[in-house]
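Participant: The following block contains the structure, expressed as C-alpha coordinates.
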Amino acid sequence: MSFIGRSPAEEQRMLAEIGVERFEDLLSAVPASVRRSGRLPIAGPWSEIEQRQRLGAWAQSNLADQAVSFLGAGAYEHYIPAAVHALASRSEFATAYTPYQPEVAQGSLTAIFEFQSMIAELTGCDVANASMYDGATATVEAALLARAHTGRSRVIVAGAVHPHILEVLRCYLEVDVTVVRERGGAIAPEDLRSTLSPEVACVLYQHPNFFGLLESPQGLHAMAHEIGALAVAICDPIALALIEPPGRTGADIVVGEGQPLGNPPSFGGPMLGFFACRQSLVRRMPGRLAAETVDRRGRRGFVLTLQTREQHIRREKATSNICTNQGLMALRATIHMGLLGREGMREVANLCVQKSHHAARLAEAIPGFRRPHAGPFFREFALECPGPAAAVVERGLARGILPGVDLGRFRDEWRQLLLVAVTEVRTAEQIERWAAVLREAGEGQ
(Lines give C-alpha, C1' and ligand atoms only; values in the text may rest on other atoms or scores of the structure.)
Protein backbone atom coordinates (compact mmCIF):
# COMPACT_ATOMS: atom_id res chain seq x y z
CA MET A 1 0.00 0.00 0.00
CA SER A 2 1.51 3.35 -1.01
CA PHE A 3 1.58 6.26 1.41
CA ILE A 4 0.17 9.61 0.35
CA GLY A 5 0.92 12.48 2.70
CA ARG A 6 -1.61 14.99 3.91
CA SER A 7 -1.97 18.30 2.09
CA PRO A 8 -1.39 21.57 4.02
CA ALA A 9 -5.15 22.20 3.95
CA GLU A 10 -5.87 18.78 5.43
CA GLU A 11 -3.25 19.32 8.12
CA GLN A 12 -4.88 22.62 9.08
CA ARG A 13 -8.30 20.92 9.34
CA MET A 14 -6.83 18.28 11.65
CA LEU A 15 -5.09 20.87 13.84
CA ALA A 16 -8.27 22.93 14.08
CA GLU A 17 -10.22 19.84 15.15
CA ILE A 18 -7.63 19.13 17.85
CA GLY A 19 -7.69 22.76 18.98
CA VAL A 20 -4.14 23.91 18.22
CA GLU A 21 -2.68 26.20 15.61
CA ARG A 22 0.57 24.46 14.73
CA PHE A 23 1.99 20.93 14.87
CA GLU A 24 4.69 22.23 17.23
CA ASP A 25 1.96 23.03 19.78
CA LEU A 26 1.45 19.29 20.18
CA LEU A 27 5.04 19.02 21.43
CA SER A 28 4.65 21.55 24.25
CA ALA A 29 5.05 18.81 26.89
CA VAL A 30 8.56 18.04 25.58
CA PRO A 31 11.19 20.32 27.22
CA ALA A 32 12.47 22.98 24.82
CA SER A 33 16.06 22.04 25.71
CA VAL A 34 15.72 18.67 23.95
CA ARG A 35 13.58 19.81 21.01
CA ARG A 36 15.27 20.52 17.70
CA SER A 37 14.16 23.68 15.93
CA GLY A 38 14.50 23.96 12.20
CA ARG A 39 15.50 21.34 9.70
CA LEU A 40 18.28 18.81 10.21
CA PRO A 41 21.58 20.10 8.76
CA ILE A 42 21.78 17.48 6.02
CA ALA A 43 23.27 18.39 2.66
CA GLY A 44 21.95 16.92 -0.50
CA PRO A 45 20.27 15.59 -2.42
CA TRP A 46 22.52 12.51 -2.30
CA SER A 47 22.69 9.44 -4.48
CA GLU A 48 22.10 6.10 -2.81
CA ILE A 49 25.85 5.42 -2.80
CA GLU A 50 26.53 8.75 -1.09
CA GLN A 51 23.77 8.15 1.44
CA ARG A 52 25.17 4.75 2.43
CA GLN A 53 28.70 6.10 2.71
CA ARG A 54 27.71 9.13 4.81
CA LEU A 55 25.30 7.31 7.11
CA GLY A 56 27.71 4.39 7.46
CA ALA A 57 30.46 6.77 8.58
CA TRP A 58 28.14 8.25 11.19
CA ALA A 59 27.21 4.78 12.44
CA GLN A 60 30.88 3.83 12.84
CA SER A 61 31.40 6.79 15.19
CA ASN A 62 29.24 5.04 17.78
CA LEU A 63 31.45 3.11 20.23
CA ALA A 64 28.74 0.60 21.12
CA ASP A 65 29.51 -1.54 18.06
CA GLN A 66 33.27 -1.45 18.54
CA ALA A 67 34.04 -1.18 22.26
CA VAL A 68 34.27 -4.13 24.65
CA SER A 69 31.17 -3.84 26.81
CA PHE A 70 30.80 -4.54 30.51
CA LEU A 71 27.45 -2.74 30.59
CA GLY A 72 24.39 -4.34 32.13
CA ALA A 73 21.81 -2.83 34.47
CA GLY A 74 18.93 -4.50 32.62
CA ALA A 75 20.24 -5.04 29.07
CA TYR A 76 22.96 -7.64 28.49
CA GLU A 77 25.22 -8.81 25.68
CA HIS A 78 24.97 -12.60 25.38
CA TYR A 79 26.00 -14.76 22.47
CA ILE A 80 23.23 -15.28 19.93
CA PRO A 81 23.63 -18.35 17.68
CA ALA A 82 23.41 -17.58 13.95
CA ALA A 83 20.46 -19.95 13.66
CA VAL A 84 18.32 -17.61 15.79
CA HIS A 85 18.34 -14.88 13.15
CA ALA A 86 18.13 -17.34 10.26
CA LEU A 87 15.03 -19.07 11.63
CA ALA A 88 13.29 -15.97 13.02
CA SER A 89 13.65 -14.28 9.63
CA ARG A 90 11.82 -17.01 7.71
CA SER A 91 8.82 -15.83 5.76
CA GLU A 92 6.53 -18.32 7.53
CA PHE A 93 6.72 -16.11 10.62
CA ALA A 94 5.95 -12.90 8.72
CA THR A 95 2.25 -12.82 9.55
CA ALA A 96 -0.51 -10.37 10.20
CA TYR A 97 -0.62 -8.63 13.58
CA THR A 98 -2.82 -10.97 15.58
CA PRO A 99 -3.24 -14.78 15.19
CA TYR A 100 -6.99 -14.69 15.86
CA GLN A 101 -7.68 -17.13 13.01
CA PRO A 102 -6.03 -20.42 14.04
CA GLU A 103 -6.67 -22.02 10.66
CA VAL A 104 -4.10 -19.67 9.09
CA ALA A 105 -1.83 -19.00 12.10
CA GLN A 106 -0.70 -22.39 13.38
CA GLY A 107 2.99 -21.46 12.95
CA SER A 108 2.73 -18.33 15.09
CA LEU A 109 0.49 -20.00 17.66
CA THR A 110 2.84 -22.98 17.96
CA ALA A 111 5.80 -20.67 18.58
CA ILE A 112 3.82 -18.73 21.21
CA PHE A 113 2.77 -21.93 22.94
CA GLU A 114 6.38 -23.14 23.04
CA PHE A 115 7.51 -19.79 24.46
CA GLN A 116 4.87 -20.00 27.19
CA SER A 117 5.87 -23.58 28.03
CA MET A 118 9.55 -22.69 28.31
CA ILE A 119 8.91 -19.61 30.46
CA ALA A 120 6.61 -21.60 32.75
CA GLU A 121 9.37 -24.19 33.21
CA LEU A 122 12.06 -21.55 33.79
CA THR A 123 10.01 -19.67 36.40
CA GLY A 124 8.53 -22.72 38.11
CA CYS A 125 4.99 -21.41 37.55
CA ASP A 126 1.85 -23.12 36.24
CA VAL A 127 1.19 -20.84 33.28
CA ALA A 128 2.84 -18.05 31.30
CA ASN A 129 1.44 -15.61 28.77
CA ALA A 130 2.60 -14.88 25.23
CA SER A 131 4.95 -12.07 26.42
CA MET A 132 4.65 -8.36 27.17
CA TYR A 133 6.32 -5.15 26.03
CA ASP A 134 9.20 -5.27 28.53
CA GLY A 135 10.10 -6.30 32.05
CA ALA A 136 9.03 -2.99 33.60
CA THR A 137 5.48 -3.05 32.21
CA ALA A 138 5.22 -6.74 33.09
CA THR A 139 6.04 -5.74 36.68
CA VAL A 140 3.33 -3.09 36.64
CA GLU A 141 0.82 -5.62 35.32
CA ALA A 142 1.77 -7.98 38.16
CA ALA A 143 1.06 -5.24 40.70
CA LEU A 144 -2.28 -4.40 39.04
CA LEU A 145 -3.24 -8.08 39.05
CA ALA A 146 -2.39 -8.31 42.75
CA ARG A 147 -4.52 -5.26 43.53
CA ALA A 148 -7.47 -6.63 41.57
CA HIS A 149 -7.13 -10.09 43.13
CA THR A 150 -6.78 -8.95 46.76
CA GLY A 151 -8.95 -5.82 46.65
CA ARG A 152 -6.10 -3.93 48.31
CA SER A 153 -4.10 -0.94 47.07
CA ARG A 154 -0.59 -0.80 48.57
CA VAL A 155 2.39 -2.28 46.75
CA ILE A 156 5.59 -2.95 48.70
CA VAL A 157 8.82 -2.80 46.69
CA ALA A 158 11.44 -4.67 48.68
CA GLY A 159 15.12 -3.91 48.33
CA ALA A 160 17.25 -3.06 45.30
CA VAL A 161 14.78 -3.07 42.43
CA HIS A 162 15.97 -1.43 39.20
CA PRO A 163 15.30 2.35 39.45
CA HIS A 164 13.70 2.36 36.01
CA ILE A 165 11.21 -0.33 37.07
CA LEU A 166 10.46 1.70 40.18
CA GLU A 167 9.82 4.81 38.07
CA VAL A 168 7.36 2.92 35.86
CA LEU A 169 5.57 1.52 38.93
CA ARG A 170 5.22 5.01 40.42
CA CYS A 171 3.99 6.36 37.09
CA TYR A 172 1.17 3.80 36.94
CA LEU A 173 0.35 3.42 40.64
CA GLU A 174 1.06 6.98 41.84
CA VAL A 175 1.07 7.13 45.66
CA ASP A 176 0.41 3.45 46.40
CA VAL A 177 4.08 2.33 46.19
CA THR A 178 6.11 1.87 49.37
CA VAL A 179 9.83 1.25 48.94
CA VAL A 180 11.80 -0.65 51.57
CA ARG A 181 15.40 0.46 51.09
CA GLU A 182 18.11 -2.17 50.84
CA ARG A 183 20.78 -2.70 53.46
CA GLY A 184 24.13 -4.03 52.32
CA GLY A 185 22.75 -4.31 48.81
CA ALA A 186 19.80 -6.59 49.66
CA ILE A 187 16.53 -6.53 51.57
CA ALA A 188 16.65 -7.03 55.34
CA PRO A 189 13.66 -9.18 56.43
CA GLU A 190 13.05 -7.09 59.56
CA ASP A 191 12.81 -3.92 57.46
CA LEU A 192 10.21 -5.54 55.23
CA ARG A 193 8.17 -6.89 58.14
CA SER A 194 7.82 -3.43 59.68
CA THR A 195 6.03 -2.15 56.52
CA LEU A 196 3.50 -4.97 56.16
CA SER A 197 -0.17 -4.32 56.90
CA PRO A 198 -3.62 -5.60 55.83
CA GLU A 199 -3.69 -2.97 53.03
CA VAL A 200 -0.75 -4.55 51.17
CA ALA A 201 -1.68 -6.20 47.86
CA CYS A 202 1.76 -7.58 47.03
CA VAL A 203 5.40 -7.69 47.98
CA LEU A 204 7.59 -7.18 44.94
CA TYR A 205 11.33 -7.93 44.81
CA GLN A 206 14.06 -8.47 42.20
CA HIS A 207 16.16 -11.65 42.13
CA PRO A 208 19.03 -11.23 41.27
CA ASN A 209 18.53 -7.62 42.27
CA PHE A 210 19.72 -4.38 40.68
CA PHE A 211 23.22 -4.86 42.17
CA GLY A 212 23.35 -8.44 40.87
CA LEU A 213 22.96 -9.88 44.39
CA LEU A 214 20.78 -12.86 45.23
CA GLU A 215 17.89 -12.25 47.61
CA SER A 216 16.25 -14.77 49.98
CA PRO A 217 12.98 -15.55 48.18
CA GLN A 218 11.43 -18.08 50.56
CA GLY A 219 11.43 -15.69 53.50
CA LEU A 220 9.95 -12.90 51.39
CA HIS A 221 7.22 -15.20 50.07
CA ALA A 222 6.32 -16.34 53.58
CA MET A 223 6.04 -12.79 54.93
CA ALA A 224 3.80 -11.73 52.04
CA HIS A 225 1.52 -14.74 52.47
CA GLU A 226 1.22 -14.19 56.24
CA ILE A 227 -0.81 -11.03 55.58
CA GLY A 228 -2.70 -12.43 52.58
CA ALA A 229 -0.65 -10.52 49.98
CA LEU A 230 0.81 -11.93 46.78
CA ALA A 231 4.56 -12.44 46.30
CA VAL A 232 5.91 -11.08 42.99
CA ALA A 233 9.44 -11.89 41.80
CA ILE A 234 11.27 -9.98 39.05
CA CYS A 235 13.82 -12.42 37.63
CA ASP A 236 16.53 -12.73 35.03
CA PRO A 237 15.91 -15.65 32.63
CA ILE A 238 19.59 -16.59 32.38
CA ALA A 239 19.89 -16.75 36.17
CA LEU A 240 16.76 -18.92 36.35
CA ALA A 241 18.68 -21.67 34.55
CA LEU A 242 20.89 -21.95 37.64
CA ILE A 243 19.02 -20.72 40.72
CA GLU A 244 15.85 -22.16 42.24
CA PRO A 245 12.84 -20.79 40.30
CA PRO A 246 10.75 -18.56 42.61
CA GLY A 247 7.55 -20.23 41.43
CA ARG A 248 8.67 -23.42 43.17
CA THR A 249 9.27 -21.67 46.50
CA GLY A 250 6.01 -19.78 46.77
CA ALA A 251 6.04 -16.82 44.38
CA ASP A 252 2.55 -16.17 43.03
CA ILE A 253 3.76 -14.21 40.00
CA VAL A 254 7.16 -14.20 38.27
CA VAL A 255 7.99 -11.52 35.71
CA GLY A 256 11.14 -10.25 34.08
CA GLU A 257 13.02 -8.92 31.09
CA GLY A 258 13.57 -11.56 28.40
CA GLN A 259 16.00 -9.55 26.23
CA PRO A 260 19.00 -11.77 27.17
CA LEU A 261 17.28 -14.67 25.40
CA GLY A 262 18.32 -14.35 21.76
CA ASN A 263 17.88 -10.58 21.49
CA PRO A 264 20.75 -8.06 21.31
CA PRO A 265 20.86 -4.97 23.59
CA SER A 266 20.33 -2.82 20.45
CA PHE A 267 20.83 0.55 22.17
CA GLY A 268 18.09 -0.30 24.66
CA GLY A 269 15.33 -2.06 22.75
CA PRO A 270 13.07 -3.51 21.65
CA MET A 271 12.73 -5.49 24.85
CA LEU A 272 10.68 -8.53 25.84
CA GLY A 273 8.65 -8.90 29.02
CA PHE A 274 7.66 -12.30 30.36
CA PHE A 275 4.83 -12.98 32.80
CA ALA A 276 4.06 -16.24 34.63
CA CYS A 277 1.79 -17.07 37.55
CA ARG A 278 0.00 -19.84 39.39
CA GLN A 279 -3.07 -21.44 37.80
CA SER A 280 -5.60 -19.82 40.15
CA LEU A 281 -4.65 -16.35 38.81
CA VAL A 282 -4.89 -17.19 35.12
CA ARG A 283 -8.22 -15.42 34.53
CA ARG A 284 -6.71 -12.19 35.81
CA MET A 285 -3.53 -12.60 33.77
CA PRO A 286 -2.91 -9.78 31.28
CA GLY A 287 -2.05 -10.21 27.63
CA ARG A 288 -2.44 -12.99 25.13
CA LEU A 289 -2.56 -16.71 25.95
CA ALA A 290 -2.13 -19.57 23.48
CA ALA A 291 -3.40 -23.05 24.32
CA GLU A 292 -3.29 -26.57 22.90
CA THR A 293 -6.43 -28.22 21.49
CA VAL A 294 -7.51 -30.69 18.79
CA ASP A 295 -9.46 -30.09 15.62
CA ARG A 296 -12.55 -32.05 14.57
CA ARG A 297 -10.30 -34.76 13.13
CA GLY A 298 -8.44 -35.14 16.42
CA ARG A 299 -5.27 -33.47 15.19
CA ARG A 300 -3.20 -31.39 17.62
CA GLY A 301 -3.50 -27.63 17.14
CA PHE A 302 -3.22 -24.29 18.91
CA VAL A 303 -5.60 -21.40 19.52
CA LEU A 304 -5.81 -18.21 21.54
CA THR A 305 -7.77 -18.94 24.68
CA LEU A 306 -9.52 -17.12 27.56
CA GLN A 307 -9.99 -14.15 25.24
CA THR A 308 -12.86 -12.82 27.34
CA ARG A 309 -10.13 -11.31 29.56
CA GLU A 310 -8.95 -9.14 26.69
CA GLN A 311 -9.73 -5.62 25.54
CA HIS A 312 -11.08 -6.51 22.09
CA ILE A 313 -13.97 -8.33 23.80
CA ARG A 314 -14.45 -6.76 27.24
CA ARG A 315 -13.22 -3.30 26.31
CA GLU A 316 -12.94 -1.14 29.48
CA LYS A 317 -13.62 -4.18 31.69
CA ALA A 318 -10.61 -6.10 30.37
CA THR A 319 -7.99 -7.40 32.79
CA SER A 320 -5.43 -5.12 31.13
CA ASN A 321 -5.03 -2.50 28.44
CA ILE A 322 -2.16 -4.59 27.06
CA CYS A 323 -3.69 -7.13 24.69
CA THR A 324 -0.70 -7.88 22.55
CA ASN A 325 2.71 -9.49 22.77
CA GLN A 326 6.26 -9.01 21.47
CA GLY A 327 5.87 -11.70 18.83
CA LEU A 328 9.22 -11.37 17.06
CA MET A 329 11.22 -10.96 20.28
CA ALA A 330 9.42 -13.92 21.87
CA LEU A 331 10.05 -16.00 18.74
CA ARG A 332 13.76 -15.26 18.93
CA ALA A 333 13.76 -16.15 22.64
CA THR A 334 11.99 -19.44 21.91
CA ILE A 335 14.47 -20.41 19.20
CA HIS A 336 17.37 -19.39 21.45
CA MET A 337 16.15 -21.51 24.37
CA GLY A 338 15.38 -24.41 22.04
CA LEU A 339 18.88 -24.33 20.55
CA LEU A 340 20.63 -24.16 23.92
CA GLY A 341 18.38 -26.57 25.78
CA ARG A 342 18.43 -27.13 29.54
CA GLU A 343 22.15 -27.92 29.78
CA GLY A 344 23.16 -25.17 27.37
CA MET A 345 21.28 -22.58 29.42
CA ARG A 346 22.99 -23.85 32.58
CA GLU A 347 26.39 -23.66 30.89
CA VAL A 348 25.80 -20.03 29.88
CA ALA A 349 24.73 -19.17 33.44
CA ASN A 350 27.76 -20.96 34.91
CA LEU A 351 30.12 -19.11 32.59
CA CYS A 352 28.57 -15.81 33.66
CA VAL A 353 29.15 -16.70 37.32
CA GLN A 354 32.75 -17.78 36.76
CA LYS A 355 33.78 -14.83 34.61
CA SER A 356 32.06 -12.18 36.74
CA HIS A 357 33.66 -13.55 39.90
CA HIS A 358 37.05 -13.63 38.18
CA ALA A 359 36.61 -9.96 37.24
CA ALA A 360 35.55 -9.07 40.79
CA ARG A 361 38.66 -10.73 42.23
CA LEU A 362 40.90 -8.80 39.84
CA ALA A 363 39.17 -5.52 40.73
CA GLU A 364 39.42 -6.03 44.48
CA ALA A 365 43.16 -6.58 44.15
CA ILE A 366 43.55 -3.05 42.73
CA PRO A 367 44.18 -0.37 45.40
CA GLY A 368 41.17 1.89 45.93
CA PHE A 369 38.59 -0.49 44.50
CA ARG A 370 36.32 -2.75 46.55
CA ARG A 371 32.97 -4.48 46.46
CA PRO A 372 30.60 -2.61 48.79
CA HIS A 373 28.26 -5.61 49.08
CA ALA A 374 29.35 -8.91 50.57
CA GLY A 375 26.46 -11.10 49.39
CA PRO A 376 26.57 -13.71 46.60
CA PHE A 377 26.04 -12.38 43.08
CA PHE A 378 25.25 -13.87 39.69
CA ARG A 379 26.62 -12.03 36.62
CA GLU A 380 26.81 -8.45 37.83
CA PHE A 381 28.38 -6.66 40.79
CA ALA A 382 28.77 -3.14 42.13
CA LEU A 383 32.31 -1.81 42.46
CA GLU A 384 33.20 1.12 44.67
CA CYS A 385 35.78 3.35 42.97
CA PRO A 386 38.35 5.62 44.66
CA GLY A 387 36.70 8.58 42.94
CA PRO A 388 33.65 9.27 40.76
CA ALA A 389 32.65 6.27 38.64
CA ALA A 390 32.12 8.69 35.76
CA ALA A 391 35.91 9.20 35.63
CA VAL A 392 36.44 5.44 35.26
CA VAL A 393 33.88 5.35 32.44
CA GLU A 394 35.63 8.23 30.67
CA ARG A 395 39.00 6.49 31.03
CA GLY A 396 37.55 3.28 29.62
CA LEU A 397 36.02 5.00 26.60
CA ALA A 398 39.45 6.28 25.64
CA ARG A 399 40.69 2.67 25.68
CA GLY A 400 37.78 1.18 23.74
CA ILE A 401 36.23 -0.29 26.89
CA LEU A 402 32.75 0.34 28.29
CA PRO A 403 33.75 -0.50 31.89
CA GLY A 404 30.30 -0.49 33.47
CA VAL A 405 27.34 1.70 34.34
CA ASP A 406 27.96 4.81 36.44
CA LEU A 407 25.33 4.44 39.17
CA GLY A 408 25.59 8.14 39.97
CA ARG A 409 23.15 8.54 37.06
CA PHE A 410 20.48 7.07 39.34
CA ARG A 411 21.35 8.46 42.78
CA ASP A 412 23.91 11.01 43.90
CA GLU A 413 25.02 8.81 46.83
CA TRP A 414 25.96 6.12 44.27
CA ARG A 415 28.31 8.38 42.30
CA GLN A 416 31.37 6.28 43.26
CA LEU A 417 29.69 2.99 42.31
CA LEU A 418 30.27 1.25 38.99
CA LEU A 419 27.89 -1.57 38.07
CA VAL A 420 29.82 -4.19 36.10
CA ALA A 421 28.27 -7.04 34.07
CA VAL A 422 30.39 -9.91 32.76
CA THR A 423 28.70 -12.42 30.45
CA GLU A 424 29.92 -15.55 28.72
CA VAL A 425 31.07 -13.57 25.64
CA ARG A 426 33.85 -11.75 27.51
CA THR A 427 37.30 -13.32 27.15
CA ALA A 428 40.09 -13.48 29.73
CA GLU A 429 42.09 -10.98 27.64
CA GLN A 430 39.17 -8.52 27.57
CA ILE A 431 38.69 -8.82 31.34
CA GLU A 432 42.41 -8.09 31.81
CA ARG A 433 42.05 -4.98 29.61
CA TRP A 434 39.10 -3.90 31.76
CA ALA A 435 41.18 -4.37 34.92
CA ALA A 436 43.97 -2.28 33.34
CA VAL A 437 41.49 0.58 32.89
CA LEU A 438 40.68 0.37 36.60
CA ARG A 439 44.39 0.49 37.50
CA GLU A 440 44.91 3.58 35.34
CA ALA A 441 41.85 5.25 36.85
CA GLY A 442 43.02 4.43 40.37
CA GLU A 443 46.49 5.85 39.74
CA GLY A 444 44.93 9.06 38.44
CA GLN A 445 43.01 9.75 41.66
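The values are calculated or read from the model by the stated rules, or taken from the named source; none is laboratory data. Because the structure is a prediction, the values reported are computed rather than measured. Positions of Cβ are generated from backbone atoms using ideal geometry, with glycine treated the same way; all protein chains shown enter the neighbour counts. The area values use the complete protein model at the heavy-atom level, side chains included, leaving out ligands, DNA and RNA. Shrake-Rupley method; radii C 1.70, N 1.55, O 1.52, S 1.80 Å.
Participant: Would you confirm whether any residue within segment 396-418 is surrounded by fewer than 21 Cβ atoms within 10 Å (Cβ to Cβ) and within 18 Å of the chain's Cα centre (by Cα)?
Facilitator: Yes, some residue in segment 396-418 is surrounded by fewer than 21 Cβ atoms within 10 Å (Cβ to Cβ) and within 18 Å of the chain's Cα centre (by Cα).
Participant: Turning to a different aspect of this structure: Look through Thr110, Thr98 and report the one residue that is β-branched (Val, Ile, Thr), open to solvent by 20 Å² or more (accessible area, probe 1.4 Å), at pLDDT below 95 and in a loop (DSSP other than H, G, I, E, B).
Facilitator: Details: Thr110 fails: in a loop (DSSP other than H, G, I, E, B).
Result of the check over Thr110, Thr98: Thr98.
Participant: Select from segment 132-154 the residues that are of a type outside the set (Gly, Ala, Ser) and either without any contact (Cβ under 8 Å) to a residue 60 or more places away in the chain or not in a helix (DSSP H, G or I) (or both) and write down the one among them that is nearest to Asn325 (Cα to Cα). I'd like the intermediate steps shown before the answer.
Facilitator: The first filter runs over segment 132-154 and keeps only residues of a type outside the set (Gly, Ala, Ser), leaving 132-134, 137, 139-141, 144-145, 147, 149-150, 152, 154.
Then drop every residue that is not either without any contact (Cβ under 8 Å) to a residue 60 or more places away in the chain or not in a helix (DSSP H, G or I) (or both), which leaves 132-134, 140, 147, 152, 154.
Values: Met132: 5, Tyr133: 7, Asp134: 10, Val140: 15, Arg147: 22, Arg152: 28, Arg154: 27 Å.
If we take residues in segment 132-154 being of a type outside the set (Gly, Ala, Ser) and either without any contact (Cβ under 8 Å) to a residue 60 or more places away in the chain or not in a helix (DSSP H, G or I) (or both), then Met132 is nearest to Asn325 (Cα to Cα).
Participant: Being crowded, with 17+ Cβ neighbours inside 10 Å, modelled with pLDDT under 95 and more than 25 Å from the chain's Cα centre (by Cα) is the requirement here; does Ala441 meet it?
Facilitator: Working: crowded, with 17+ Cβ neighbours inside 10 Å: yes; modelled with pLDDT under 95: yes; more than 25 Å from the chain's Cα centre (by Cα): yes.
When the stated conditions are applied, Ala441 passes them.
Participant: Can you tell me which residues in segment 177-211 are surrounded by fewer than 17 Cβ atoms within 10 Å (Cβ to Cβ), outside any strand (DSSP E or B) and touching a strand residue (DSSP E or B) at 6+ places or on another chain (Cβ under 6 Å)?
Facilitator: Asp191, Thr195, Glu199
Participant: Here's another thing I want to ask about it. Report whether or not Arg297 is at pLDDT 90 or above and in a helix (DSSP H, G or I).
Facilitator: Working: at pLDDT 90 or above: yes; in a helix (DSSP H, G or I): no.
Criteria not met by Arg297.
Participant: Also, quick follow-up: Tell me the residue from Gly228, Gly258 that is within 17 Å of Ala201 (Cβ to Cβ) and not aliphatic (A, V, I, L, M), please. Outline the logic, then answer.
Facilitator: Details: Gly258 fails: within 17 Å of Ala201 (Cβ to Cβ).
From the options Gly228, Gly258, the qualifying one is Gly228.
Participant: Quick one: Val127 ticks every box in (1) farther than 19 Å from Gly327 by Cβ; (2) surrounded by fewer than 24 Cβ atoms within 10 Å (Cβ to Cβ); (3) modelled with pLDDT of 95 or more bar one, so which box is it?
Facilitator: (1)
Participant: Being touching a residue at least 12 places away in the same chain (Cβ under 8 Å) and open to solvent by 10 Å² or more (accessible area, probe 1.4 Å) narrows it down to one residue among His373, His336; which is it?
Facilitator: Values: His336 fails: open to solvent by 10 Å² or more (accessible area, probe 1.4 Å).
Unique residue meeting the criteria: His373.
Participant: Hey, can you tell me all the residues within segment 31-74 that are at positive phi and either surrounded by 10 or more Cβ atoms within 10 Å (Cβ to Cβ) or of a type in the set (A, V, I, L, M) (or both)? Quick ask: steps written out before the conclusion?
Facilitator: At the first step, the residues of segment 31-74 found to be at positive phi are 38, 44, 73-74.
If the condition is that a residue be at positive phi and either surrounded by 10 or more Cβ atoms within 10 Å (Cβ to Cβ) or of a type in the set (A, V, I, L, M) (or both), then Ala73, Gly74 are the ones that fit.
Participant: Kindly indicate the residue of segment 376-392 that is under 23 Å from the mean Cα position of the chain (by Cα), buried (at least 17 other Cβ atoms within 10 Å of the Cβ) and not charged (D, E, K, R) and also nearest to Leu213 (Cα to Cα) among those meeting that condition.
Facilitator: First, pick out the residues of segment 376-392 that are under 23 Å from the mean Cα position of the chain (by Cα): 376-383.
Still in the list and also buried (at least 17 other Cβ atoms within 10 Å of the Cβ): 377-383.
So of that shortlist, the ones also not charged (D, E, K, R) come out as 377-378, 381-383.
Details: Phe377: 4, Phe378: 7, Phe381: 7, Ala382: 9, Leu383: 12 Å.
Restricting to residues being under 23 Å from the mean Cα position of the chain (by Cα), buried (at least 17 other Cβ atoms within 10 Å of the Cβ) and not charged (D, E, K, R), the top hit is Phe377.
Participant: Quick check on my filter: what residues within segment 223-253 are part of a loop (DSSP other than H, G, I, E, B) and either aliphatic (A, V, I, L, M) or touching a His at 6+ places or on another chain (Cβ under 9 Å) (or both)? Steps first, answer last, please.
Facilitator: Residues of segment 223-253 that are part of a loop (DSSP other than H, G, I, E, B), as a first pass: 227-229, 236-238, 242-245, 249-252.
Scanning segment 223-253 gives Ile227, Ala229, Asp236, Ile238, Leu242, Ile243, Thr249, Gly250, Ala251, Asp252.
Participant: Among the candidates Glu215, Glu190, which residue alone is under 19 Å from Ala382 (Cβ atoms) and acidic (Asp, Glu)? Walk me through how you get there before you give the answer.
Facilitator: Details: Glu190 fails: under 19 Å from Ala382 (Cβ atoms).
Going through Glu215, Glu190 in turn, just one is under 19 Å from Ala382 (Cβ atoms) and acidic (Asp, Glu): Glu215.
Participant: Tell me, please, whether a residue that is open to solvent by less than 30 Å² (accessible area, probe 1.4 Å) and of a type in the set (D, E, K, R) can be found in segment 294-301.
Facilitator: Residues of segment 294-301 that are open to solvent by less than 30 Å² (accessible area, probe 1.4 Å), as a first pass: 301.
Narrowing further to those that are of a type in the set (D, E, K, R): none.
The answer is no, given that none of the residues of segment 294-301 is open to solvent by less than 30 Å² (accessible area, probe 1.4 Å) and of a type in the set (D, E, K, R).
Participant: Being out of contact with any His (no Cβ under 8 Å at 6 or more places or on another chain) and open to solvent by 20 Å² or more (accessible area, probe 1.4 Å) narrows it down to one residue among Leu214, Leu328, Leu220; which is it? Reasoning before the result, please.
Facilitator: Working: Leu214 fails: out of contact with any His (no Cβ under 8 Å at 6 or more places or on another chain); Leu220 fails: open to solvent by 20 Å² or more (accessible area, probe 1.4 Å).
One residue alone meets the criteria, Leu328.
Participant: When you go through Glu77, Glu92 one by one, which is the residue that is free of Cβ contacts under 8 Å to residues at least 24 places away in the same chain and either on the phi > 0 side of the Ramachandran plot or charged (D, E, K, R) (or both)? Walk me through how you get there before you give the answer.
Facilitator: Working: Glu77 fails: free of Cβ contacts under 8 Å to residues at least 24 places away in the same chain.
Answer to the check: Glu92.
Participant: Of these, Arg371, Arg361, which one is touching an Asp or Glu at 6+ places or on another chain (Cβ under 9 Å), modelled with pLDDT of 90 or more, more than 30 Å from Asn129 (Cα to Cα) and of a type in the set (Lys, Arg)? Spell out the reasoning first.
Facilitator: Values: Arg361 fails: touching an Asp or Glu at 6+ places or on another chain (Cβ under 9 Å).
Matching residue, one of Arg371, Arg361: Arg371.
Participant: Going by what's in this entry, would Phe267 be described as modelled with pLDDT of 95 or more and touching a helix residue (DSSP H, G or I) at 6+ places or on another chain (Cβ under 9 Å)? Let's see the steps before the verdict.
Facilitator: Details: modelled with pLDDT of 95 or more: no; touching a helix residue (DSSP H, G or I) at 6+ places or on another chain (Cβ under 9 Å): yes.
Considered against the rule, which asks whether it is modelled with pLDDT of 95 or more and touching a helix residue (DSSP H, G or I) at 6+ places or on another chain (Cβ under 9 Å), Phe267 comes out as no.
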